[in-house]
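Reading through the structure tokens given below for one structure.
The values are calculated or read from the model by the stated rules, or taken from the named source; none is laboratory data. Predicted, not measured: the structure shown is a model, and the values here were computed from it. When we count neighbours, we look across all protein chains shown, and the Cβ atoms used for this are built from the backbone with ideal geometry, even at glycine.
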Amino acid sequence: MKTFAQIHMEQYPPRPQATQDDFLNAARQVEKNLNQYADWKDDCNGLAIAITAIPGAHHMDGYELAKALERTMALFDPDVIAVEELNAYGPLVSNLQEKRQTQWACENKVQAPHPIGTKLTQGTITDLNKYGSAEYLVDFGHRHARQVIKYEDAVTQQEQEASNQQAAH
């Protein structure tokens, strides 16, 4: 059973995700940054391609990514500088993805399916996320934090109860 938010969001093109170009551009930026250090000058040829070949690299921190590259690139010997530069890869990809999503939300005039104050299964909608695209800020009972929920992932308590009742029959 589709939720109201899912049905509402069908009027818009799908939310864009990071593309292969985004992954490669972020990896090239890391490679360029690393090439600025004398110890790394000319030692990271092919690094950008190697980074994009590692599944889930954008979810790894710099140390995890350095270890993965060490296993795949014969002459790659990471140091603290490399780890620090590699640490920027995930955030660079996220920034490129967020730019795509901001453009998507603006071009398509994406509107929130639920008003502020709606009770979701995750908590109560308290605001729209001003730092993200088509996202709510949801109070989930923690005094100093709110959860970010994409519009299309919002499930009201009523919808959840109806779904549970339907599943029980």
If a residue has to be part of a loop (DSSP other than H, G, I, E, B) and touching a residue at least 24 places away in the same chain (Cβ under 8 Å) to count, how many in the range 112-126 make the cut? 6
Conditions (1) touching a helix residue (DSSP H, G or I) at 6+ places or on another chain (Cβ under 7 Å); (2) closer than 24 Å to I149 by Cα; (3) aliphatic (A, V, I, L, M); number of the one not met by A105: (1)
Selection within the range 127-146 - farther than 19 Å from A105 by Cβ and within 22 Å of the chain's Cα centre (by Cα): D139, F140, A145, R146
Candidate set from the range 79-97 (those that are touching a Phe, Trp or Tyr at 6+ places or on another chain (Cβ under 9 Å) and among the acidic types (D, E)); member that is surrounded by the most Cβ atoms within 10 Å (Cβ to Cβ): E85
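When the residues of the range 15-58 are narrowed to those that are at pLDDT below 90 and either under 14 Å from the mean Cα position of the chain (by Cα) or farther than 13 Å from P78 by Cβ (or both), which ends up surrounded by the most Cβ atoms within 10 Å (Cβ to Cβ)?
N35
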If you go through the range 63-105 one residue at a time, how many are within 17 Å of the chain's Cα centre (by Cα) and not hydrophobic (A, V, I, L, M, F, W, C)? 13
Positions within the range 37-96 being assigned to a loop (DSSP other than H, G, I, E, B) and of a type in the set (D, E), in sequence order: D42, D43, D61, D77, D79
Among (1) over 23 Å from H8 (Cβ atoms); (2) surrounded by 12 or more Cβ atoms within 10 Å (Cβ to Cβ), there is one condition L75 misses while meeting the rest; what is its number? (2)
Could you grab me the full set of residues in the range 127-147 that are assigned to a strand (DSSP E or B) and surrounded by fewer than 13 Cβ atoms within 10 Å (Cβ to Cβ)? D127
Selected residue (criterion: surrounded by the most Cβ atoms within 10 Å (Cβ to Cβ)) from residues of the range 148-169 that are aliphatic (A, V, I, L, M) and assigned to a helix (DSSP H, G or I): A162
Select from the range 87-135 the residues that are among the polar types (S, T, N, Q) and in contact with a Gly (Cβ under 9 Å, 6 or more places away or on another chain) and list them in ascending order. N87, Q101, T102, T124, T126
